[in-house]
Structure formats: structure tokens, C-alpha cells
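Structure record follows, encoded as C-alpha cells.
The values are calculated or read from the model by the stated rules, or taken from the named source; none is laboratory data. None of the values given here were measured: they were computed from a predicted structure. Every residue, glycine among them, receives a Cβ derived from its backbone with ideal geometry; neighbour counts consider all protein chains shown. Accessible surface areas use protein heavy atoms only, side chains included; no ligands, DNA or RNA. Shrake-Rupley method; radii C 1.70, N 1.55, O 1.52, S 1.80 Å.
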Amino acid sequence: MHANLNVMKFFIDTANLAQIKEANDLGILDGVTTNPSLMAKEGIKGQDAILKHYVDICNIVDGDVSAEVISTDFEGMITEGEKLASLHENIVVKIPMIKDGIKAIKYLSSKGIRTNCTLVFSAGQAILAAKAGATYISPFIGRLDDISYDGIQLIAEISQIFAVQGYQTQILAASIRNPVHIIKSAQVGAHVITSPLSAILALLNHPLTDKGLAQFLEDHAKANG
Ligand code: E4P
């Protein structure tokens, strides 16, 4: 599946199959991101169950599915990364933003394996991951907001740098907490957002929509008896 870099993609940030199905049924879902905490939250444990769960997710969504390595050393990350990538063509290997992670991104990308560099909190980290050939970088905007930094400002900064430099790495705005994060990410040039289902569904809401619809239905009912 080729990305249209001009249209922001929607990923869901969960390992919950019911929520992934619900978002997919909306018709707007382009992919899924998971992490070890999200897998643990669903009670998925043990190597076989974890690998099977990634395949189950790939069988629901026709789009990229990020699966995160647990190793923190180069050899471990590339061994895990190759195994994860062999599960399904839509798997993207999620690699942490650490020194060995950069080496692993470079290695995996040279083998044609797509990567998502996770736990990005600065423009410098984003530049290094892009230089190493990451397919995606994931700046965690909510966690920055949590410590009084401006997560959206970071997305804007990286977006400007990538445009000036012509990096092909996609900016995947992660750690989304609310619908405003999604709107602002679109405004400042994120290529993708990954969000809990609740923030995606919150985009639907406006009291004037509800009020207007109720009025239309009431007027129709009055006119038609
Ligand atoms: C990114 O891919 C992570 O899974 C995620 O967005 C982290 O979000 P959190 O800060 O809500 O845990």
C-alpha cells in the first residue's frame, strides 16, 4: 500500500481487536500501532500469542501495523525485527530511539524492512531516525504536553525540517490524547496520526449537529404526520 503523503492517514493506537474492527468499519482506518504496554493491557503474553495477535490485527486492517521489538541491543533488535517483518507484509517494525536502535533502523531499512522509530521527543532524534532510513518517526505529543512542553510545536518543527530537507520519512503523531491533537497535527503537517478510538470518535461531535438533526427530523415528522 503506497502512502499519499498529501493526505493525513489515520492509525488506531491499540491492540484491542474489537476497537480495531470498529474503527475499520468506519472506513477511515489506514493502519494500527501497538506497543508492549498496549499488548499487555489486552492480556496478550508469551511469544506465540504475541506473534499470533499481530497476524490477527493484520487480518482485520488493510494497512501498516506497527509491532515493537523488546530487545535494546542491535543484534536482538534485528533478529526480532526480521521475525516480526516475516509475519505479514504490512508489519512495520517499531524500534526505540536509542543508539542501537538507529543502527538497527539503518540495517533493517537496507534489507527493505520498514521501520517506525518510537519514543521520539525532539527534532534532533527525528533527524537521526530519518537519516537512518526510518519509514515513520513517532513523536509522542501527549507525553510532551504532560510535562508542559508543546507536543504540536514539535510536530510543526519536524514537519518544517523534513520539508526543507526532503526526507521521505513520515511523521506519525503519536500519544494523541484528544480530538484537538488530531486537528492540530493535520494543520502542522503530520503525515499520520495514531490515536485511541475515543479521540477519533470525538471528532464526530458537535452540539449544533445534534440540535440541527433533531430539528430536521421534527419538522419532517410534523409535515408528514
Ligand atoms: C505510539 O505508537 C504509542 O503506542 C502511543 O501513541 C503512546 O501513547 P501514550 O502516551 O498514550 O501511551
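Of 98, 50, 152, 70, which residue is open to solvent by 10 Å² or more (accessible area, probe 1.4 Å), without any contact (Cβ under 8 Å) to a residue 12 or more places away in the chain and within 16 Å of the ligand (Cβ to nearest atom)? After applying the criteria, what remains is 50. Taken over the range 101-110, the residue count meeting the criterion of being of a type outside the set (A, V, I, L, M, F, W, C) and open to solvent by less than 10 Å² (accessible area, probe 1.4 Å) is 1. Residue 201 meets the conditions (1) closer than 26 Å to residue 27 by Cα; (2) in contact with a strand residue (DSSP E or B) (Cβ under 9 Å, 6 or more places away or on another chain) in every case but one. The failed one is (2). Listed by position, the helices (runs of 4 or more DSSP H) inside the range 162-225 whose residues that are at negative phi, open to solvent by 20 Å² or more (accessible area, probe 1.4 Å) and in contact with a helix residue (DSSP H, G or I) (Cβ under 9 Å, 6 or more places away or on another chain) number at least 2 are 179-188, 197-202. Please tell me if residue 80 is at pLDDT 95 or above and more than 21 Å from residue 198 (Cβ to Cβ). So residue 80 fits the description; yes. Quick check: is even one residue across the range 125-139 out of contact with any Ser or Thr (no Cβ under 7 Å at 6 or more places or on another chain), within 15 Å of the ligand (Cβ to nearest atom), closer than 20 Å to residue 200 by Cα and open to solvent by 40 Å² or more (accessible area, probe 1.4 Å)? Checked the range 125-139: no residue is out of contact with any Ser or Thr (no Cβ under 7 Å at 6 or more places or on another chain), within 15 Å of the ligand (Cβ to nearest atom), closer than 20 Å to residue 200 by Cα and open to solvent by 40 Å² or more (accessible area, probe 1.4 Å). Could you list, in sequence order, all residues of the range 73-93 that are open to solvent by less than 30 Å² (accessible area, probe 1.4 Å) and β-branched (Val, Ile, Thr)? Selection gives 78, 91, 92, 93. The set of residues in the range 7-21 being more than 24 Å from residue 184 (Cβ to Cβ) and away from the ligand (no atom under 13 Å from the Cβ) consists of 17, 18, 20, 21.
Here is a yes/no grid of residues against (1) outside any loop (DSSP other than H, G, I, E, B); (2) more than 13 Å from the ligand (Cβ to nearest atom); (3) crowded, with 19+ Cβ neighbours inside 10 Å:
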{"position": "29", "(1), (2), (3)": "no, yes, yes"}
{"position": "37", "(1), (2), (3)": "yes, no, no"}
{"position": "112", "(1), (2), (3)": "no, yes, no"}
{"position": "116", "(1), (2), (3)": "yes, no, yes"}
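Right, residue 71: more than 24 Å from residue 103 (Cβ to Cβ) and among the polar types (S, T, N, Q) or not? So residue 71 fails the test. On the stretch given as the range 54-67, residues that are assigned to a loop (DSSP other than H, G, I, E, B) and either open to solvent by less than 10 Å² (accessible area, probe 1.4 Å) or over 21 Å from residue 23 (Cα atoms) (or both) total 2. Any residue that is away from the ligand (no atom under 14 Å from the Cβ), touching a residue at least 24 places away in the same chain (Cβ under 8 Å) and hydrophobic (A, V, I, L, M, F, W, C) - is there at least one of those in the range 162-170? Within the range 162-170, one or more residues are away from the ligand (no atom under 14 Å from the Cβ), touching a residue at least 24 places away in the same chain (Cβ under 8 Å) and hydrophobic (A, V, I, L, M, F, W, C).
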